[in-house]
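Student: The following block contains the structure, expressed as structure tokens.
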Amino acid sequence: MDRIYCPSPVFELSVTLVAELCELRLALADEVIDESAHHAVLMTVIAAAAAERDRPRSILDFGTGDGRSIPAIRDRFGAASIIGCDMSRPSLRAAYDHEAVLVQIAPHGPLPFADRSFDLVLSVFVFHFAVPAAVLRELARVISTSGRLVCTVYGGAVARHRMAMTLIGYRQTSSTPVPDAVGHWVDVWSPPPRAATAT
Ligand SMILES: C[S@@+](CC[C@H](N)C(=O)[O-])C[C@H]1O[C@@H](n2cnc3c(N)ncnc32)[C@H](O)[C@@H]1O
């Protein structure tokens, strides 16, 4: 078996079902995670993020799962503080990288982070699910004024995800198809404008 069958489009699943599906994915990781596609997508995210912020001070990996993207993020942005967050405690418990700082969050927010505390929010294989608008607003709150959200999107979820981001006030600054992973895109967003004090 190399696929998990889901009878409805994953963008329409509740957060509870998203968590269950993702926990099943991790339990069957050896069979269902295509390491080469994951690597191709992650490297495209990191390249897009580095093009925006070469030396970020702080990075949030939103929807980190077991934190499997964190070693590569650390390799590229070693000087930054890196936090992974996820709503799924079993996924976090499966920690792939035992040195990573992993934080459990509530699926509808709020996020337990200070305003403007991250230069980069990265998110890998998350936004093909519908992330609640309250969480998209919270992510906007925790990104620094000159920061960026860099995320992957896939297949039929692309248009709906971009619409949700635009409605919150994010501005898309680029979109790159992932070489070697057909249907996957890496989108870069700047946070909604707000009353600027400092970053
Ligand atoms: C397919 S997994 C990807 C995990 C990891 N980024 C990777 O590349 O392997 C999606 C992750 O996003 C998390 N997630 C989805 N919606 C979320 C939400 N609203 N709040 C927090 N985590 C969420 C899930 O629990 C899951 O761990």
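The values are calculated or read from the model by the stated rules, or taken from the named source; none is laboratory data. As the structure is a prediction and not an experimental result, all values here were calculated from the model. Note that each Cβ is placed from the backbone with ideal geometry, even for glycine, and that neighbours are counted across all protein chains shown.
Student: I'm checking my understanding of the structure. Among residues of the range 76-94 that are within 12 Å of the ligand (Cβ to nearest atom) and either in a loop (DSSP other than H, G, I, E, B) or small (Gly, Ala, Ser) (or both), which one is farthest from the chain's Cα centre (by Cα)?
Tutor: Within the range 76-94, the match that is farthest from the chain's Cα centre (by Cα) is ALA94.
Matching residues to (1) in a loop (DSSP other than H, G, I, E, B); (2) crowded, with 21+ Cβ neighbours inside 10 Å; (3) modelled with pLDDT under 95:
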position: ALA48; (1), (2), (3): no, yes, no
position: ARG74; (1), (2), (3): no, no, no
position: GLU99; (1), (2), (3): yes, no, yes
position: PHE113; (1), (2), (3): yes, no, no
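Student: Here is a further query. Which of the following residues is crowded, with 16+ Cβ neighbours inside 10 Å, near the ligand (Cβ under 10 Å from one of its atoms) and not charged (D, E, K, R): LEU42, LEU60?
Tutor: Matching residue, one of LEU42, LEU60: LEU42.
Student: Which one is nearest to VAL142 (Cα to Cα) among residues in the range 167-186 that are among the aliphatic types (A, V, I, L, M) and in a loop (DSSP other than H, G, I, E, B)?
Tutor: Going through the qualifying residues, I end up with VAL178.
Student: Could you please find all residues in the range 40-91 being among the aliphatic types (A, V, I, L, M) and in contact with an Asp or Glu (Cβ under 6 Å, 6 or more places away or on another chain)?
Tutor: Taking the range 40-91 and keeping what is among the aliphatic types (A, V, I, L, M), we get 40-43, 45-51, 59-60, 70, 72-73, 79-80, 82-83, 87.
Answer for the range 40-91, where residues must be among the aliphatic types (A, V, I, L, M) and in contact with an Asp or Glu (Cβ under 6 Å, 6 or more places away or on another chain): ALA40, ILE70.
Student: Further, regarding this structure: Restricting attention to the range 115-130, does a residue exist that is exposed (fewer than 15 other Cβ atoms within 10 Å of the Cβ), of a type outside the set (Asp, Glu) and touching a residue at least 40 places away in the same chain (Cβ under 8 Å)?
Tutor: no
Student: Moving on. Report, ordered by the first and then the second residue, all pairs with beta carbons closer than 6 Å, sequence separation of six or more or different chains, a first member in the range 60-85 that is closer than 19 Å to ALA19 by Cβ, and a second member that is modelled with pLDDT under 95 and more than 10 Å from the ligand (Cβ to nearest atom).
Tutor: If the second residue must be modelled with pLDDT under 95 and more than 10 Å from the ligand (Cβ to nearest atom), the pairs left are ASP66/ALA95; GLY67/ALA95; GLY67/ASP97; GLY67/ALA100; GLY84/ALA100.
Student: Do you know which residues across the range 43-86 are on the phi > 0 side of the Ramachandran plot and out of contact with any Lys or Arg (no Cβ under 9 Å at 6 or more places or on another chain)? Reasoning before the result, please.
Tutor: Taking the range 43-86 first, the residues on the phi > 0 side of the Ramachandran plot are 63, 65, 67.
Result: GLY63, GLY67.
Student: Applying the selection to the range 146-161, what residues are among the polar types (S, T, N, Q) and surrounded by fewer than 16 Cβ atoms within 10 Å (Cβ to Cβ)?
Tutor: Scanning the range 146-161 gives a single hit, SER146.
Student: Return the residue satisfying two criteria in turn: it lies in the range 162-189 and is under 14 Å from ALA47 (Cβ atoms) and charged (D, E, K, R), and of such residues it is surrounded by the fewest Cβ atoms within 10 Å (Cβ to Cβ).
Tutor: ASP180
Student: Every residue in the range 125-152 that is in contact with a helix residue (DSSP H, G or I) (Cβ under 7 Å, 6 or more places away or on another chain), more than 12 Å from the ligand (Cβ to nearest atom) and in a strand (DSSP E or B), please.
Tutor: Within the range 125-152, ARG148, LEU149, VAL150 qualify.
Student: Here is a further query. Any chance you could count how many residues in the range 133-155 are closer than 22 Å to LEU42 by Cβ and not aromatic (Phe, Trp, Tyr)?
Tutor: Adding up the residues that qualify gives 13.
Student: Select from the range 9-34 the residues that are more than 8 Å from the ligand (Cβ to nearest atom), hydrophobic (A, V, I, L, M, F, W, C), in contact (Cβ under 8 Å) with a residue 40 or more places away in the chain and part of a helix (DSSP H, G or I) and list them in ascending order.
Tutor: Listed by number, the residues that qualify are VAL10, PHE11.
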